[in-house]
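The values are calculated or read from the model by the stated rules, or taken from the named source; none is laboratory data. Everything quoted here is computed from the prediction, not taken from an experiment. Please note: Cβ atoms are built from the backbone with ideal geometry, for glycine as well, and neighbour counts cover all protein chains shown.
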Amino acid sequence: MCEVKNKNSSLQLQNIKGVGNKLSSKILKEVGGEENLKEIVDNLELEKLISIDGISQRKAIEIMNQLLGNPKQDFLKNERAFQLYDEIIEKILSYSNTDYSKNRILLLAPLKDKNKIEKRIDFVMDAKKLVSDLPIIKLRGLMKNLDEPKDFKLPYDSSKIIIVESDEDNQYLTELGLNQYYPIVTAINSPSFAEEIHNYELIFYIYSEGTLDFGELNNLIMINKEASINEIIPDKIIGYFNDNRFLFNQVAQIRKILNKETVLEDIDPILNSINLAEKENIDLDEILLEVKSYGDDRLKNEIKKVDLEGDEILDLLNHDMPSKLDKIFNDTLKELSEMIYNKTSIHFNPFLEKYPLEIDDNEVHRIKQDLNSKVENNLFDMKIKVASYLSSIKDKAYNEVMEIIKFDYMFTLGSFAYEYDLHRPVIDNDFKLKGAIHLNLALKDSNKIQRIDYELTEDSNIALLTGANSGGKTTLLETISQVSIMTQIGLPVACDSAKVPIFDELYHFSKKRSLDAGAFESFLRVFIPIVTTNSQKLVLLDELEGITELDASVKIISSFIELIKKTDSFAIIVTHMAKELINYTDIRVDGIEAKGLDENYDLIVDRTPRMNYLARSTPELILKRIYENSNGDLKEVYGEILKKFE
């Protein structure tokens, strides 16, 4: 029975939905037992679960999350907190190039173990440093959609045949699986068998004793039965490398950029040599026609120069070749034979001594068989040598590819940290941010974006945040959530510097409109229990006063403040009713100060909150602007209204 235990949960593998006793036993058998499974879970090695027959990627992620104790659900306690987590993961995934890194990133979840958090932050910071010195765009192009090398299945070829000496040899080669590539036939001593095998383009005689006599077969290749599969079927390993050639070439370039050793650079030139050799097809018919045309012209010109005497004319009448003409033909045919040899490397004379020259079709057919046999034999010898080398590097080539695929996880996190200019947070009891920025703004023009500073401490663990609409209060809350989530995932954060506590739970309540009675009751059932447990929480509330009538909202939120102050939890409450709340509770009030409005009525604002400062609202700013631009009685009226805001 497999249990993966952590501080808060214990879970049996077979209790996971869709994983019964049978699949549970299979998983344990495939991974090598409970300890290995625990190591796989701790290292987020999702691919090892996916590689088990019958487990899809989706199922593997589900199993892994369950075995991890569902840390996301443990930490992210409401819908908006989950959304912010998902947005962070989506940003990281945009830098991922492989399924391997995508799977691992999908498993990134907030942790509560300080050592594990800091270990992962170390990893990401190392990745950021590495990536900063790399040609990121070029590497992304090379790494896009990298996958592990695909298996290659050599198609069945009925134009070739394997001949063996005995049924035992036939069975042996069949058990090796060679019958899936070529027909295997046991030799028999009969004229029909000898005639039958002549119809094959290539004959592999795989011998034990070497007792079979095939006469002068030119398309015969002899191979010892004890030879390796690659010596018998070299096309199998060559096909594997040809099929994965583009992948190996991509990885070779990546490894070169990363200054890693590689055998993959050897593959392209080796395969080129084989592919060129296979295309070297001598067109004998074209060569012979070209040589014949030259020979006919030469004979014609030489014969014109000959003066025949009486006896020589009689020889012609008697169908004998006069010595003068005989010499011309012999010299011409000798020259033509040399021309053919220079083009084919074969000595033969296919021409009959006639004018114009005639080609001996039987001789040409014989030579074509010889030529094809020679080409096939030479090519086969070449393939054996190539297959031997490729076989020796196959495992290394595969491992080099897998190393780069796994590197993409580091490259993805490093690229994300580098491009967002993330910095290491310090695990601390206080929450202090300097130069913080929302991830949605981090890649924009830095000259137009103001970074913010903010803090909560053990002594001042809760604050009201006030300020004009569109002043940045919601953005600040989301930035704080992002920093907390990223820190506990084990990521650097979008701050110049940050001190961040480790929380047990994160609640992020976004703005809510007025709720009907049923929805209001549901909200209270989620909201109020937050303060009833001893876990350390970060609670962020964004303008909850709209949930019900103002007076009721003030009483509910002020009661919540009093309860949260007594705990180790931290809270920030964005509100427009700070004046009402401070009548019920003693609490720090911070404000994002708007200095006024520009000519387009856009806020002129300092987005870093001022501590212990009640900021003015947008309506107050608008009234003040109208007041300053008014005269007489109207100005006096606006002034009276403004006094109500004090």
Inspect the stretch 316-339 for any residue being within 30 Å of Ser273 (Cα to Cα) and either modelled with pLDDT under 80 or acidic (Asp, Glu) (or both) and give the result as yes or no.
yes
Every pair of residues 6+ apart whose Cβ atoms lie under 7 Å, when the first sits in the stretch 70-98 and is over 25 Å from Leu443 (Cβ atoms) while the second is assigned to a loop (DSSP other than H, G, I, E, B)
Pro71/Ala109; Pro71/Pro110; Pro71/Leu111; Lys72/Ala109; Lys72/Pro110; Asp74/Asn8; Phe75/Pro110
Residue within the stretch 327-339 that is within 60 Å of the chain's Cα centre (by Cα), touching a residue at least 24 places away in the same chain (Cβ under 8 Å) and not in a helix (DSSP H, G or I) present:
no
Report yes if some residue within the stretch 444-451 is at pLDDT 95 or above, assigned to a loop (DSSP other than H, G, I, E, B), in contact with a Cys (Cβ under 9 Å, 6 or more places away or on another chain) and in the same structural domain as Arg607 (by TED's automatic domain parsing); otherwise report no.
no
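Taking the stretch 366-405 as the search range and keeping residues that are basic (Lys, Arg), touching a residue at least 60 places away in the same chain (Cβ under 8 Å) and out of contact with any helix residue (DSSP H, G or I) (no Cβ under 8 Å at 6 or more places or on another chain), which one is surrounded by the most Cβ atoms within 10 Å (Cβ to Cβ)?
Lys374
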Among residues belonging to the stretch 157-189 that are in contact with a helix residue (DSSP H, G or I) (Cβ under 6 Å, 6 or more places away or on another chain) and closer than 21 Å to Asn377 by Cα, point out the one that is surrounded by the most Cβ atoms within 10 Å (Cβ to Cβ).
Val164
Scope the stretch 442-479; condition in contact (Cβ under 8 Å) with a residue 40 or more places away in the chain and within 22 Å of Leu413 (Cβ to Cβ); matching residues:
Ala442, Glu478, Thr479
If Ile557 passes every condition in (1) at pLDDT 85 or above; (2) surrounded by fewer than 18 Cβ atoms within 10 Å (Cβ to Cβ); (3) part of a helix (DSSP H, G or I) but one, which one does it miss?
(2)
Those residues that are part of a loop (DSSP other than H, G, I, E, B) and in contact with a strand residue (DSSP E or B) (Cβ under 8 Å, 6 or more places away or on another chain), I need them from the stretch 534-552; list them, please.
Ser535, Gln536, Glu543
Checking the structure you have, find out if any residue of the stretch 71-94 is modelled with pLDDT under 90 and over 30 Å from Ala494 (Cβ atoms).
no
Can Asn97 be described as in contact with a Lys or Arg (Cβ under 8 Å, 6 or more places away or on another chain) and closer than 22 Å to Ile405 by Cα?
yes
Residue hits (the stretch 144-156; surrounded by 14 or more Cβ atoms within 10 Å (Cβ to Cβ) and either within 30 Å of Lys256 (Cβ to Cβ) or free of Cβ contacts under 8 Å to residues at least 40 places away in the same chain (or both)) are Leu146, Glu148, Pro149, Phe152
Restricting to the stretch 42-70, and then to whatever is modelled with pLDDT of 85 or more and among the β-branched types (Val, Ile, Thr), can you tell me which residue is farthest from Thr98 (Cα to Cα)?
Ile63
Can you pull out every residue in the stretch 460-493 that is surrounded by 24 or more Cβ atoms within 10 Å (Cβ to Cβ) and touching a Phe, Trp or Tyr at 6+ places or on another chain (Cβ under 6 Å)?
Ile485
Selection status of Ser569, surrounded by fewer than 21 Cβ atoms within 10 Å (Cβ to Cβ) and hydroxyl-bearing (Ser, Thr, Tyr):
no
When every residue in the stretch 90-143 that is of a type in the set (Val, Ile, Thr) and buried (at least 18 other Cβ atoms within 10 Å of the Cβ) is compared, the one nearest to Asn70 (Cα to Cα) is Ile105
With respect to Leu441, determine if the residue is within 42 Å of the chain's Cα centre (by Cα) and assigned to a loop (DSSP other than H, G, I, E, B).
yes
Only one of these is acidic (Asp, Glu), outside the structural domain of Met486 (by TED's automatic domain parsing) and over 30 Å from Val605 (Cα atoms): Glu419, Glu400. Name it.
Glu400
Quick check on the stretch 166-189. Is at least one of its residues under 23 Å from Asn218 (Cα atoms), of a type in the set (Asp, Glu) and more than 48 Å from the chain's Cα centre (by Cα)?
no
Hey, among the residues in the stretch 211-230 that are at pLDDT below 80 and in contact with a Ser or Thr (Cβ under 9 Å, 6 or more places away or on another chain), which one's surrounded by the most Cβ atoms within 10 Å (Cβ to Cβ)?
Asn219
Can you pull out the residues in the stretch 406-422 that are within 19 Å of Ile449 (Cβ to Cβ) and buried (at least 18 other Cβ atoms within 10 Å of the Cβ)?
Phe416, Ala417, Tyr418, Tyr420, Leu422
Of all the residues that make up the stretch 372-424, how many are more than 24 Å from Leu247 (Cβ to Cβ) and at pLDDT 95 or above?
9
Six or more apart or on different chains, Cβ atoms under 8 Å: show the pairs whose first residue is in the stretch 158-185 and within 10 Å of Phe204 (Cα to Cα) and whose second is surrounded by fewer than 14 Cβ atoms within 10 Å (Cβ to Cβ) and aromatic (Phe, Trp, Tyr).
Tyr182/Tyr156
Check the stretch 406-415 and report whether any residue there is without any contact (Cβ under 8 Å) to a residue 40 or more places away in the chain, more than 22 Å from Leu111 (Cα to Cα) and not basic (Lys, Arg).
no
Would you point out the residue of the stretch 348-362, among those that are at pLDDT 80 or above and of a type outside the set (A, V, I, L, M, F, W, C), that is farthest from Lys292 (Cα to Cα)?
Asn362
Please indicate, with yes or no, whether at least one residue in the stretch 424-433 is touching a residue at least 12 places away in the same chain (Cβ under 8 Å), crowded, with 22+ Cβ neighbours inside 10 Å and closer than 30 Å to Met577 by Cα.
yes
Given the structure, is Ser510 under 30 Å from Lys119 (Cβ atoms), touching a residue at least 40 places away in the same chain (Cβ under 8 Å) and small (Gly, Ala, Ser)?
no
